[in-house]
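What follows draws every value from the coordinates through simple rules; no lab data is involved. Worth saying up front: this structure is predicted, and the values here are computed from it rather than measured. So basically every Cβ, Gly included, is an ideal-geometry build from the backbone, and we count neighbours across all protein chains shown.
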Amino acid sequence: MSAALRAQLLLCLVSLLSGTGLTRYIEDNEASDGLYSLISLAQKRESEDFIFRRPLRCLDMLATEGYFTFVASRPQLACAAFIIAEPSEVISLELSDVSIDCSAGDFIKIFDGWVLKGEKFPSSYDHPLLPHERYTDYCSSAASTVSSRSSQNVAMIFFRIHSPESSFTIAVKKVHNPFPCNIMSQSPEGSFTMVMPHQRRNCSFSIIYPVEIRVTDLSLGDAKSNEISLLRQIWPGCSGSGDYVELLGGNGVDTSKMFPVADLCFSLSGLAQMKIGCDNSVVRLVSSGNYINRVTFQYRLLDQNEIPKTRENTLENFCSVE
Ligand SMILES: *[C@@H]1O[C@H](CO)[C@@H](O)[C@H](O)[C@H]1NC(C)=O
């Protein structure tokens, strides 16, 4: 991910975070970012065995492998680092050189996914682990090194440190994932093919931008003809037909709390195209495990003037963005 994109995604997260205590730290963190990461990226390209190292900030976004060291400059009580990899990767994290005081209320917790405004991605319904199993807590762990591997391309670390000079290092490694299920897109433009081979599992591809999504190919096990059903109020939806794809829009990251924009439950070789003017747009593939399902889609960022303000076709717009 380019430095500019990383900055854009972080900005986007910060706007999603607004209202939480985290945002007030952003001023401290913005300063030296752009140039530094450009230089570091360049260095990384020049030398293959270059080990990427940099300080970790109280509010941070990590998209490269490497070692990130946090040193508290004062009590820092609400810190979080968002980690993101490519769609076909999961993230392996390892804590080392930890010098914090758990008994004083310090903590470092790794989370399998992202939490924004109290909402989790992937949603608790779509994650293989129970909510409490998704946290790895340094302070309640007996081992001196704590490690964790994410189930999807995003993970995060929460930490709270009271005394200055306390510190820790987090090692980030990316591991190939041949069957990615839940995915957070790194950018507002792109395309993706989601495949679910005979597994009873629901997978979401989440884009935290208002986007236009074009489904260019859809193949579901029991598909018969071409049809798109809009909104469940008009049509009961595809939930009776087994496997389907739903497009969701909403302003949080928990897909179970988002609004259905459209359901697609028939194979499609033409085009289904939808503008979703929400902070978060999701393509969710619901699979019964009886079939091999595949959906291919493209997405691009909506211009400000494209964001639907009122009714568009028969679609009521629920994410009104001024
Ligand atoms: C997938 O989602 C559907 C509809 O949201 C739900 O009925 C089904 O139980 C889910 N399957 C799994 C394995 O969670």
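At a glance:
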| quantity | calculated |
| --- | --- |
| Those trypsin sites (Lys or Arg not before Pro) in the range 111-219 that DSSP places in a loop and that have at most 11 other beta carbons within 10 Å | ARG200 |
| ARG214/LYS117 FRET efficiency (R0 30 Å; Cβ-Cβ; nearest 0.05) | 0.55 |
| Spacing of the two label points (7 Å from each Cα toward its C-beta) at GLN298 and HIS162, in nm | 5.6 |
| Gap separating the Cα centres of the range 180-195 and the range 143-170, nearest whole Å | 26 |
| Distant alpha-carbon pairs in the range 131-209 (separation over 16 angstrom), percent | 67 |
